[in-house]
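Please read the structure below before turning to the comments.
The values are calculated or read from the model by the stated rules, or taken from the named source; none is laboratory data. Owing to the predicted nature of the structure, the values given are computational and were not obtained by experimental measurement. Here the Cβ positions follow ideal geometry from the backbone for every residue, glycine too, while neighbour counts run over all protein chains shown.
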Amino acid sequence: MIRACRSSLIKGGASGVGVLFVGLLGALLSLDGCGSSSNPSTAGTAGAGGHADGGGKDSSAAGKAGAADGGAAGADGAAFDGAAGAGGGVTVDGAAGWDGAVADGASDGAAGAVSFGVGLAVVDSDYASTSISIVGATGALVKDDCINSGTQAAGKLSLTLSGDVVLPSQPQLGGDLWLIDRKNDALTIVAPPTCAVSAQIAVGTGFQSDPHDVAVLSDTKLYVTRYNTNVAPPNVTATGDDVLIVNRTTGTVTGRIGLTTYAAPVTGFTIEAQPDRMVIAGSKVYVTLGSQDANFMAAGEGRVVVIDPGSDTVIGTIALTGLDGCSAIQYVPALSSLFVACGGSFSDADQAAASGIAQIDLSTATPTLHVTKASVVGGQPVNFSWIGVLSATQGFAATLGTFPFGTTPGTNDALYMFNPTAGTAAPVSLSAGAYDLGGAAVGAGLLFVPDATTTKPLIHVFDVPATGAPTERTPFAPDPSKGLPPRQIAWY
């Protein structure tokens with residue numbers, strides 16, 4: 001799903017003329033509170049069972065000894081020696097794990113092979129209302145309209161789903177479906193396939209925090225990335241620009257990991273970290289940073305921060321040199337690698353120049369970076385909302401189209417298969433209007449692509465052989481009950 005704030009300012013066409021889309025794009029992408037700095041507002045009451053915003057310790061990097069880059073990593077003794085900044089990567093000493101239960105939603109398979117969840121969920125949305133569909137692991141629609149913006153669940157839901165809902169980057173511990181409601185600052189937990197709502201957790205702490213991802217670390221602990229900064233926080237928990245720490249059982253906020261100081265700097269601008277997407281890999285948590293100013297006029301270099309969930313501290317940063325606007329992140333255990341999709345900066349005249357796909361190899365003492373530039377993937381900016389890698393030679397990504405502007409015609413979204421090792425790419429036979437191809441997902445020999453074309457909203461399913469081009473099956477409508485267009489599909 002395309003992020004609201006990232007697209008509020010877009011460069012129009014090859015000419016680089018700045019365009020503010022207040023018509024169609026504004027309606028689709030600019031929801032309340034999308035700005036990166038938000039004033040305090042009345043937050044909705046959390047769901048049942050005392051799941052309410054609560055105070056707690058400040059676990060920010062600045063408030064803990066040893067939280068700075070190069071400090072000790074906590075109880076397990078592993079350390080990152082590299083400092084953040086222009087130097088780039090980090091150094092990992094040792095492979096000791098964290099003693100707590102950490103769910104690695106992408107690496108439960110044998111011999112480190114990529115494994116996937118029980119099934120997939122689809123976010124169907126017109127950005128005013130949302131419906132969730134359930135799809136089986138083989139690509140068949142199991143249940144449409146699982147839960148929608150009109151669903152009431154007595155004693156469970158304080159807030160019905162808004163029109164701005166996204167799915168986590170990984171399947172979560174316990175097999176529940178977690179819905180991240182950005183506009184309502186809430187996490188809604190659903191039990192498929194019955195679609196019963198089990199709980200709702202508020203994460204706003206009194207302001208429009210814009211949660212972007214969730215990682216369930218154990219039965220009692222979870223992390224939430226919060227993209228927005230509160231310009232006038234009444235207390236440290238309400239600061240934002242952080243990873244919020246929440247008790248999974250009670251819904252109580254127990255702390256935060258402040259990330260503002262880890263933003264990539266830009267001369268002449270105050271840059272916010274804008275914590276975005278997040279994955280668990282081994283014993284650590286990796287979070288992408290948007291690193292933009294409050295008005296989205298400047299973007300710093302792409303970065304990933306590394307968090308030790310045992311001590312709730314940042315233990316390193318990884319610079320994505322030459323890339324901006326980095327968001328979606330995937331962990332592929334068989335390759336010991338993270339993959340990050342970077343869309344470039346909408347504030348740049350040539351957005352594609354700093355766009356591409358980053359592979360971060362974690363198998364060496366110093367993580368190494370390999371970049372497949374957007375110039376290889378069709379020349380348009382890469383869709384930052386998803387990345388799908390199956391092997392060292394087989395991955396999938398999409399490029400972002402453009403809307404017509406003046407005499408400059410628009411361009412379509414397009415789908416590509418790329419080879420991370422060779423740094424090559426080839427088009428897949430699928431395209432759609434600008435911003436219509438949504439957040440896709442890969443499975444075992446499968447590729448699922450949401451297509452939000454208004455006249456024919458579909459999920460495209462491709463069979464992906466180990467070698468050769470993918471072949472498309474008959475696509476299907478994911479939300480026949482309401483007809484809402486699909487924006488994202490992901491494993492739960």
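A few notes on this one:
- Cβ-Cβ under 7 Å pairs, at least 6 apart or on other chains, the range 423-445 side under 28 Å from ILE360 (Cα atoms) and at pLDDT 95 or above, far side surrounded by 16 or more Cβ atoms within 10 Å (Cβ to Cβ) and among the basic types (Lys, Arg): GLY438/ARG487; GLY439/ARG487
- Taking the criterion of being in contact (Cβ under 8 Å) with a residue 60 or more places away in the chain and among the small types (Gly, Ala, Ser), the residues of the range 149-169 that qualify are GLY155, SER158, SER162, GLY163, SER169.
- Number of the exception - ALA353 against (1) of a type outside the set (Ser, Thr, Tyr); (2) closer than 22 Å to HIS212 by Cβ; (3) part of a helix (DSSP H, G or I): (2)
- Any hit, the range 211-222, residues being of a type in the set (S, T, N, Q) and either crowded, with 19+ Cβ neighbours inside 10 Å or in contact with a helix residue (DSSP H, G or I) (Cβ under 7 Å, 6 or more places away or on another chain) (or both): no
- With respect to the conditions (1) of a type outside the set (A, V, I, L, M, F, W, C); (2) more than 22 Å from the chain's Cα centre (by Cα); (3) farther than 23 Å from ALA452 by Cβ, GLN394 falls short on a single one, namely (2).
- Of all residues making up the range 264-283, the number that are surrounded by fewer than 24 Cβ atoms within 10 Å (Cβ to Cβ), without any contact (Cβ under 8 Å) to a residue 60 or more places away in the chain and not aromatic (Phe, Trp, Tyr): 7
- Filtering the range 99-143 to residues that are surrounded by 21 or more Cβ atoms within 10 Å (Cβ to Cβ) and modelled with pLDDT under 65 leaves VAL102, GLY105, ALA106.
- Of everything in the range 240-250 that is surrounded by fewer than 24 Cβ atoms within 10 Å (Cβ to Cβ) and of a type outside the set (Lys, Arg), the residue that is nearest to ALA334 (Cα to Cα) is ILE245.
- Residue match in the range 327-348 (condition: surrounded by fewer than 22 Cβ atoms within 10 Å (Cβ to Cβ), modelled with pLDDT of 95 or more, charged (D, E, K, R) and closer than 28 Å to ARG487 by Cβ): no
The rows are residues; the columns are (1) closer than 27 Å to VAL389 by Cα; (2) in contact with a helix residue (DSSP H, G or I) (Cβ under 9 Å, 6 or more places away or on another chain).
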position	(1), (2)
THR249	no, no
GLY268	no, no
GLN274	yes, yes
ARG277	yes, no
GLY282	yes, yes
TYR286	yes, no
VAL305	yes, yes
GLY310	no, no
ILE318	yes, no
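- Scope the range 369-390; condition farther than 18 Å from VAL279 by Cβ and among the hydroxyl-bearing types (Ser, Thr, Tyr); matching residues: THR372, SER375
- Members of the range 166-196 found to be of a type outside the set (Phe, Trp, Tyr), crowded, with 21+ Cβ neighbours inside 10 Å and in a strand (DSSP E or B), listed by number: VAL166, LEU177, LEU179, ILE180, ASP181, ALA186, LEU187, THR188, ILE189, VAL190
- Residues located in the range 147-165, provided they are surrounded by 24 or more Cβ atoms within 10 Å (Cβ to Cβ) and not in a loop (DSSP other than H, G, I, E, B): ILE147, VAL165
- Checked against (1) surrounded by fewer than 21 Cβ atoms within 10 Å (Cβ to Cβ); (2) closer than 30 Å to SER133 by Cα, ALA432 passes all but condition (1).
- Selection within the range 391-425 - hydrophobic (A, V, I, L, M, F, W, C) and touching a helix residue (DSSP H, G or I) at 6+ places or on another chain (Cβ under 9 Å): ALA392, LEU400, PHE403
- Looking only at residues of the range 251-305 that are over 28 Å from ALA199 (Cα atoms) and of a type in the set (Val, Ile, Thr), we find that the one that is farthest from the chain's Cα centre (by Cα) is THR267.
- Flag if ASP350 is under 19 Å from ALA398 (Cα atoms) and in contact with a helix residue (DSSP H, G or I) (Cβ under 8 Å, 6 or more places away or on another chain): no
- Unique match (being surrounded by fewer than 22 Cβ atoms within 10 Å (Cβ to Cβ), free of Cβ contacts under 8 Å to residues at least 60 places away in the same chain, acidic (Asp, Glu) and in contact with a helix residue (DSSP H, G or I) (Cβ under 8 Å, 6 or more places away or on another chain)) among ASP361, ASP324: ASP361
For (1) surrounded by fewer than 20 Cβ atoms within 10 Å (Cβ to Cβ); (2) farther than 21 Å from TYR416 by Cβ, each residue gets a yes or a no:
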residue	(1), (2)
GLN292	no, yes
ASN295	yes, yes
VAL314	no, yes
ALA353	yes, no
